[in-house]
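Below is one structure, written out as structure tokens; comments come after it.
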Amino acid sequence: MIKVSIILPIYDNKSINKTFESIINQKITDIEVICILADTTNTTAEKYSQKYDFIKLYEENIKQQSTIRNYGIEIAKGEYVAFIDEDTILVDETSLDKMFLFGYANDANIVCGNIKTRQDNEKIVRYENKDIQFDYFLTKPRENSIPTLFMRYIYKRSFLIENNIKFRNNISITDPQFLIEVLINVENVYNVNTNYQFVRYNDLELSSYEEKYEFIKISKDCYDMLDDAGFSEMAEKLMDFIMYYIRYKKNSLEMRQVINEVFDDKDHYFKNKTDKLLIELVGQKQLNKYSEIKKQMINETLTSDNFIDYETLREYNTCEEDINEKFNKEDVKKASKLAIKTIKTM
């Protein structure tokens, strides 16, 4: 019996030797490593596959990570599947063995381990679950705040197949819907207090309108999935994250335009009046104009001793009056402050 199938997409990362060595050093026996070449000339995987029988190479010329992972699930022979990337390192040598044994003994559909993360531009290593007092414990997705990084879990393959759970073919983000589908279909999450993976990641950068649209569309889909399954608290936390992102990230005006386009029933999704107003103002095509004038006025006062010209001031006042006619004045004040904060950082 193959215990765990490790699915590893191969691109062209120079540090992949460390990834392979961390897998080889694992104490678990009877595993397979499914290496799927993603249009690359990287020969490292081939060298390791020639040396170790359990490392298998598939030259499928698949570029999308979601397709690679789905293909890996399809051809895997293990009781459980694990997902790692080229820059991922398995930390404790016994971690995978502990997670498999606990999962197999309890017929668990998913098993969670600890994870260390670090952004590429940071030296700080973020260590999750460091204060846990128990070696083995259960959590319930409906009652607990569940860690959302999908790579920290191993998954029973038959559970994924039976429930037709697959990665979506998105452009930029491939895993949120996958993990949510898993969590809403399991009764318990089995946790092992072991340092499983060390993951490097980049902060999410969305440059094009298409990337922003997909990010918001995926976020809405995730909200709907959680809300429909009765995970209302997790759904609201997701919405808080979306609003935080559009308030404090660059080009948030364009992001609000995307949100206005994607979210149809705003009363359902945006419980906070100020949040709702920020989106609706874009829908009325007033906030863009209002914000640009305000930005111009701020720039003028910061860079010049001159007074703001009359035409700009009149246009600003007209725009403000138009907004105040449509919306509650106090709500407008709150939303305006948030909008101006965004403009100052652009």
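The values are calculated or read from the model by the stated rules, or taken from the named source; none is laboratory data. Source: prediction; values computed, not measured. Cβ: placed from backbone, ideal geometry, glycine included. Neighbour counts: every protein chain shown. Remember, those area values only see protein heavy atoms, side chains included, never the ligands or the DNA or RNA. Shrake-Rupley method; radii C 1.70, N 1.55, O 1.52, S 1.80 Å.
Just name the residue that is surrounded by the most Cβ atoms within 10 Å (Cβ to Cβ) out of those in the range 149-167 that are of a type in the set (D, E, K, R) and within 13 Å of Ile110 (Cα to Cα).
Step one: of the range 149-167, the residues of a type in the set (D, E, K, R) are 152, 156-157, 162, 166.
Now narrow it down to the ones that are within 13 Å of Ile110 (Cα to Cα): 152, 156-157.
Numbers: Arg152: 24, Lys156: 20, Arg157: 19.
My answer is Arg152.
Which condition number in (1) at pLDDT 95 or above; (2) over 24 Å from Asp175 (Cα atoms) is the one that Glu74 fails?
Unmet for Glu74, out of (1) at pLDDT 95 or above; (2) over 24 Å from Asp175 (Cα atoms): (2).
For the range 1-30, what are the residues that are out of contact with any Leu (no Cβ under 7 Å at 6 or more places or on another chain), open to solvent by less than 20 Å² (accessible area, probe 1.4 Å), closer than 24 Å to Tyr104 by Cβ and aliphatic (A, V, I, L, M)?
Ile6, Ile7, Leu8
Among the residues of the range 107-148 satisfying the criterion of being within 11 Å of Asn193 (Cα to Cα) and open to solvent by less than 60 Å² (accessible area, probe 1.4 Å), which is modelled with the highest pLDDT?
It comes out as Val111.
Go through the range 105-119 and give me each residue that's touching a strand residue (DSSP E or B) at 6+ places or on another chain (Cβ under 7 Å) and not in a strand (DSSP E or B).
Asn106, Ala108, Asn109
Listed residues Ile173, Ile154; which is part of a loop (DSSP other than H, G, I, E, B) and either farther than 20 Å from Phe102 by Cα or in contact with a Phe, Trp or Tyr (Cβ under 8 Å, 6 or more places away or on another chain) (or both)?
Ile173
Which residues, taken from the range 1-19, are closer than 19 Å to Tyr153 by Cα and outside any loop (DSSP other than H, G, I, E, B)? Quick ask: steps written out before the conclusion?
Residues of the range 1-19 closer than 19 Å to Tyr153 by Cα: 2-9, 19.
If the condition is that a residue be closer than 19 Å to Tyr153 by Cα and outside any loop (DSSP other than H, G, I, E, B), then Val4, Ser5, Ile6, Ile7, Leu8, Pro9, Thr19 are the ones that fit.
For residues that are open to solvent by 30 Å² or more (accessible area, probe 1.4 Å), in a helix (DSSP H, G or I), of a type outside the set (Phe, Trp, Tyr) and in contact with a strand residue (DSSP E or B) (Cβ under 8 Å, 6 or more places away or on another chain), tally how many sit in the range 50-93.
Residues flagged as open to solvent by 30 Å² or more (accessible area, probe 1.4 Å), in a helix (DSSP H, G or I), of a type outside the set (Phe, Trp, Tyr) and in contact with a strand residue (DSSP E or B) (Cβ under 8 Å, 6 or more places away or on another chain) within the range 50-93 amount to 2.
Out of the residues in the range 31-49 that are touching a residue at least 24 places away in the same chain (Cβ under 8 Å) and open to solvent by 10 Å² or more (accessible area, probe 1.4 Å), state the one that is farthest from Phe83 (Cα to Cα).
The extreme case among them is Thr41.
Of everything in the range 94-104, what is open to solvent by 50 Å² or more (accessible area, probe 1.4 Å) and assigned to a helix (DSSP H, G or I)? Give them in sequence order.
Quick first cut of the range 94-104, residues open to solvent by 50 Å² or more (accessible area, probe 1.4 Å) only: 94, 98, 101, 104.
Answer for the range 94-104, where residues must be open to solvent by 50 Å² or more (accessible area, probe 1.4 Å) and assigned to a helix (DSSP H, G or I): Lys98, Leu101, Tyr104.
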